[in-house]
1. Taking the mean number of other Cβ atoms within 10 Å as a proxy for protection, how do you rank 132-139, 46-53 from highest to lowest?
2. Quick check: pseudo-label points 7 Å beyond the Cα along Cα→Cβ at Phe104 and Lys180, how many nm apart are they?
3. Pairs Lys141/Lys180; Lys134/Lys180; Lys134/Lys158; Lys79/Lys158; Lys134/Lys188: which exceed 21 Å Cα-Cα?
4. Between Asp160 and Arg66, how high is the FRET efficiency from 1/(1 + (r/R0)^6) when r is the Cβ-Cβ distance and R₀ = 30 Å? Nearest 0.05.
5. What is the order of Ser110, Ser97, fewest Cβ neighbours within 10 Å to most?
6. Please compute the modelled spin-label separation between Ala168 and Gln212, points set 7 Å along Cα→Cβ, answer in nm with one decimal.
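Computed from the coordinates by the stated procedures, all read-outs in this text should not be read as laboratory data. Only a predicted model underlies this, so the values are computations on that prediction, with no experimental measurement involved. Don't worry about glycine lacking a Cβ; one is built from the backbone with ideal geometry, like all the others, and counts go over all protein chains shown.
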Amino acid sequence: MERERSLAASTPDDGNVRTVVERVFDEEYYRRHYEDPDTRVYDERVVARLGDFVCSYVRHLEIPVRRVLDLGCGFGFWKPVIQRHFPNAIYEGVEVSEYLCARFGWTQGSITSFKGLPADLVICQGVLQYLDAKEAARAIKTLEHLCQGALYLEVLTKRDWEENVSQARTDGNVYLRESKWYRDRLRKTFRNGGGGVFFHRDSEAVLYDLEQID
């Protein structure tokens, strides 16, 4: 049973003070948020549609994808999408949860300290909001180190919680920050290509002027 953190509150640079209760990433957590059709936020079909967009965008920009790293891979919904679009690429799923690693055989590790091989495409979906400010900043440094091409990043923000998601289904026991907090830390290393897709500034991706979001 993996405990991600003890009872804590977000630090002032988050822009919000929000208490996050002790989080246990065990079988019950994943049953509620991944398997139960009445309470889950998304399923394989939703990820497949999203993955088709991300992979098609990356292919459109002619970024060669030989290795894919899925940080916080959950049930591995991205894996079949990657195999369909990039059949010769190596996919590695990384999870902090002992339960999921035992069930699916993922690599166990935390995004705040993982030191694997760099990848051409890195996926980080719904992870950073579970980390306090210090941990989230460390996680972004990890993404800078591990991503040498494209990054798909999805993070629940304060505005998303208030305006864009179902609060009945979405896990609100997280750190809700303003999007600016993330943008300020990402722009040093990544270009924002829209749709949650970022490109490392050292990559060969050519983005036209209006394709880049400041």
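1. 132-139, 46-53
2. It works out to 3.6 nm between the two label points.
3. Working: Lys141/Lys180 17 Å; Lys134/Lys180 16 Å; Lys134/Lys158 18 Å; Lys79/Lys158 29 Å; Lys134/Lys188 17 Å.
Listed pairs above 21 Å: Lys79/Lys158.
4. Values: r = 33 Å, r/R0 = 1.09.
Efficiency for this residue pair is about 0.35.
5. Values: Ser110 19, Ser97 23.
Neighbour counts put them in this order, fewest first: Ser110, Ser97.
6. Between Gln212 and Ala168, the simple spin-label model gives 4.3 nm.
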